[in-house]
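Where a number appears in this text, it was derived from the coordinates with a stated rule and is not lab data. What you see is a predicted model; the values in this text were computed from it and never measured. When we count neighbours, we look across all protein chains shown, and the Cβ atoms used for this are built from the backbone with ideal geometry, even at glycine.
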Amino acid sequence: MKIPLSNLSFSLLNEDVDISSFQCRELDLTEFLIEDALENQAARLSVTRIVSYEGQVVGFFTLTNDCIIRKGVSDDDGEEWYPYPHYPALKIARLATHQEFEGRGIGRAMLLKTVAIAMRLSQYVGCRMITVDSKPDSEGFYQKYGFQKVLIKKKADTIPLYRDFYRSYQEAEKDMSPPLSVFDERTR
C-alpha cells in the first residue's frame with residue numbers, strides 16, 4: 001500500500017537520527033548511510049536527507065553539485081544559445097528505500113523532493129539539470145520519472161542519466177499529484 005506523501009517527513013541527517021536499523025537491497029548504499037554520510041556532510045562534500053514514516057527511517061537521498069557535458073544532452077533539452085561546454089547540475093549521489101518499504105512511493109517522494117530542491121537552488125545559483133549515475137536495476141525507475149540516458153557513452157558499472165528539470169517543471173506541475181510546489185516551504 002502506498003504511503004501518502006503527507007505522512008512522510010524529510011530531515012537533514014544528523015547525529016541524533018538513529019539510522020542503525022536502515023537496510024536496503026544494495027549493501028553499499030546501506031554502508032554509505034551508516035558509515036560515511038555524516039562525515040561527507042561535515043566535509044561539505046554532500047548532503048543527506050532522511051525520509052521517515054511513523055518514526056522509522058524508510059529512505060534517504062544524498063545530493064551534491066555536478067555538471068553535465070552539453071554534448072551529452074538531447075537537442076530538446078538545454079538552450080540552443082547557451083555558449084558553455086557544461087550545464088550546471090544537481091547530482092543524486094545516492095538514493096535508497098528501506099527494503100521493507102519498497103513499492104510504497106518512497107522513491108517517488110524522494111525524487112519529487114529532489115526536483116523541489118533543484119528548483120529552489122536554481123533561484124540562487126545556476127542549476128539546470130539533475131543527474132544520477134544509476135545502477136542498472138534502477139534505470140527504469142528513473143526513466144519512469146523523465147530521466148534520459150546521457151548521449152555520450154562511457155564505460156562504467158552505472159548508467160549516467162539526466163533530467164532537464166527546468167523544461168519539464170511546468171509539465172510535472174500539471175501532471176503530478178501533489179504538485180511540486182508543495183515542497184517549496186519544506187526544502188530543508
**Prompt:** Using 0.36 nm per residue, how much length does the chain from Leu38 to Lys154 gain when fully extended, once their Cα-Cα distance is taken away?
**Reply:** 38.7 nm
**Prompt:** Mind checking the angle between helix 106-121 and the chain's longest principal axis? C-alpha axes, 0 to 90 degrees, to the nearest 10.
**Reply:** 50
**Item:** Cα convex hull of the chain, projected area averaged across orientations, nm²
**Value:** 11.0
**Request:** For region 5-186, give the share of DSSP beta bridges that are antiparallel, in percent and rounded to the nearest 5; count only bridges with both residues there.
**Result:** 90
**Prompt:** Using a simple spin-label model with points 7 Å from Cα along the Cα→Cβ vector, what separation in nm is obtained for Asn65 and Leu45?
**Reply:** 1.6
**Request:** With a 10 Å radius around each residue's Cβ, average the other Cβ atoms per peptide and rank 106-119, 6-19, highest first.
**Result:** 106-119, 6-19
**Message:** So if I place +1 on the C-beta of Lys and Arg and -1 on the C-beta of Asp and Glu, and nothing else carries charge, what would the dipole magnitude of the chain be about its Cα centre? I want it in debye, nearest 20.
**Reply:** 460
**Item:** Per-pair calculated FRET efficiency, R0 = 25 Å: Lys144 and Glu100 via Cβ, rounded to 0.05
**Value:** 0.70
**Asked** What nm value, rounded to one decimal, do you get for the distance between Trp81 and Asp18 when each label is placed 7 Å out toward the C-beta?
**Response** 5.6
**Asked** By how many nm would the segment from Lys2 to Asp137 grow when fully extended, if each residue of separation counts as 0.36 nm and the alpha-carbon distance is taken off?
**Response** 46.5 nm
